[in-house]
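What follows is a single structure, written as structure tokens, with notes after it.
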Amino acid sequence: MEKRQIADEMTTLLRQLVMQNQLVMAARVLGVYFQRVWKIDEELANRYVRGYFAKYYPKQLEQHLKRQNRAS
């Protein structure tokens, strides 16, 4: 499997969104990026998004999931 990288502009945007506590928006943007640029289906894109945030922003992802569970 080829090793693909996310464009620098995208990682900068994602970092800015995460710093502004806009994790949902960052996830949507990244998911669309994966679908359109990498040409993968929505289900796989969603798994990649989850993996990306688990790897690069685990603390923020954990906080988001806790807030989401409290709201449910």
- Query: For Ala71, all conditions in the list (1) of a type outside the set (Val, Ile, Thr); (2) touching a Leu at 6+ places or on another chain (Cβ under 9 Å); (3) farther than 16 Å from Thr12 by Cα hold save one; what is the number of the exception?
  - Reply: (2)
- Message: Given the criteria in contact (Cβ under 8 Å) with a residue 12 or more places away in the chain, of a type outside the set (A, V, I, L, M, F, W, C) and under 15 Å from Arg4 (Cβ atoms), does Tyr52 qualify?
- Response: yes
- Return the total of residues in the stretch 43-72 being touching a helix residue (DSSP H, G or I) at 6+ places or on another chain (Cβ under 6 Å) and of a type in the set (Asp, Glu). 0
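Only the coordinates and a few stated rules stand behind these numbers; no lab work does. This one's a predicted model, so the numbers in the text were calculated from it and none came from an experiment. Cβ atoms come from the backbone with ideal geometry, glycine included; neighbour counts cover every protein chain shown.
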